[in-house]
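Working notes, beginning with the structure itself.
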Amino acid sequence: MSSETRVAIERETDIVTARQNGRELAAACGFSSTDQTLIALAISELARNIVVYAERGEVVMSTALGDRRGIEIIARDQGPGIQDVELALRDGYSTTKSLGLGLPGARRVMDEFEIDSAPGKGTTITIRKWVR
Amino acid sequence: MPIPILKQGDILVASIVAALTDRDLLQLKDELSDKIGRLRARGVVIDVTALDVLDSFATRMLRGIAHTAKLRGAEAVIVGIQPDVAFAMVQLGLSLDGVETALDLEEGLAHVRRVTQRSRRVQ
């Protein structure tokens, strides 16, 4: 398996593909099975957000991060963007009927979390986790 | 892939496969609710042993399925949540509050039998 994978997210079955590819990549990179599960979970949450809010987008996963062993996941879409990023990162906040744990949860289980979003401009979320 | 529902006596057993999609879960909810009535089931066991991830959507759906089964008069229990999956759920802040869980299928069946027998004795 190469060190980079790109999964187009257009329908809900793509969520499964993304998290399975992510787990394989994380396993090949040397993450423990517990960390693989956390990474797969974070990917699942980000990919679902794309399907629910933006309809289409992509998830790009890479383990080619220079000297440090780790995984980077970029979830990108051209959707409506997030009105209030701070609010969206708060536990339990949701504009749909979800639990509102996806985004804050994904941030909690990863080591690094960056979000770039503006109304009408789409959303790009980058998460990273390092092998310990 | 639709989730198969097997009947063991008056208990329905649904074994979830690894690549679980949102649609599969929605379908399971409808089918279980329907089958509880049609087959007069007293209990429902949902086996998630094969699942390597339970995300926020799946958790919400499982809770919904268990509560729906309860409202339809069947005792529901979720079995087989793997250690890593449980740990990840806790990290994310996901819980199955108000839903019965058991270690594996055997424990789940035993739990359902216990509860349904007790309710029969009361009648």
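Read the figures in this text as sums done on the coordinates, not as results from a lab. If you're wondering where the values come from, they're calculated on a predicted model, not measured in any experiment. We place every Cβ from the backbone using ideal geometry, glycine too, and count neighbours over all the protein chains shown.
Looking at the P(r) of chain B, how many percent of alpha-carbon pairs lie beyond 20 Å?
37 percent
For n ≥ 4 DSSP H runs only, could you compute -39500 (n - 2.57) per run for the protein assembly as shown, divide by its residues and tell me the 222 nm figure to the nearest 500?
Mean residue ellipticity at 222 nm (helix-derived): -13500 deg cm²/dmol.
Which three lengths, in whole Å and largest first, does the stretch A:2-81 cover when its Cα atoms are put on their principal axes?
Projected onto the principal axes, the Cα atoms of the stretch A:2-81 cover 36, 23, 19 Å.
Percent antiparallel among DSSP beta bridges with both residues in the protein assembly as shown, to the nearest 5?
In the protein assembly as shown, DSSP labels about 70 percent of beta bridges as antiparallel.
Please compute the contact order of the stretch A:4-130 in relative form: average sequence separation of alpha-carbon pairs under 8 Å and at least six residues apart, divided by the residue count, as a percent.
25 percent
Mind sorting B:81, A:115 by how few other Cβ atoms lie within 10 Å of their own Cβ, fewest first?
A:115, B:81
Which distance in Å, rounded to a whole number, links the C-alpha centroids of the stretch A:1-53 and the stretch B:1-47?
Cα centroid to Cα centroid, the span is 27 Å.
So for the stretch A:1-43, averaging the separation of alpha carbon pairs under 8 Å that are six or more residues apart and normalising by length, what relative contact order in percent results?
37 percent
With everything on Cα atoms, drop me the angle between helix B:105-122 and the longest principal axis of chain B, reported from 0 to 90° to the nearest 10.
Helix B:105-122 sits roughly 30 degrees off the main axis of chain B.
To test your reading of the geometry: what angle, between 0 and 90 degrees and rounded to tens, separates the Cα axis of helix B:22-38 from the longest principal axis of chain B?
Helix B:22-38 sits at roughly 0 degrees to that axis.
Over chain B, what relative contact order in percent results from Cα pairs under 8 Å that are six or more residues apart?
25 percent
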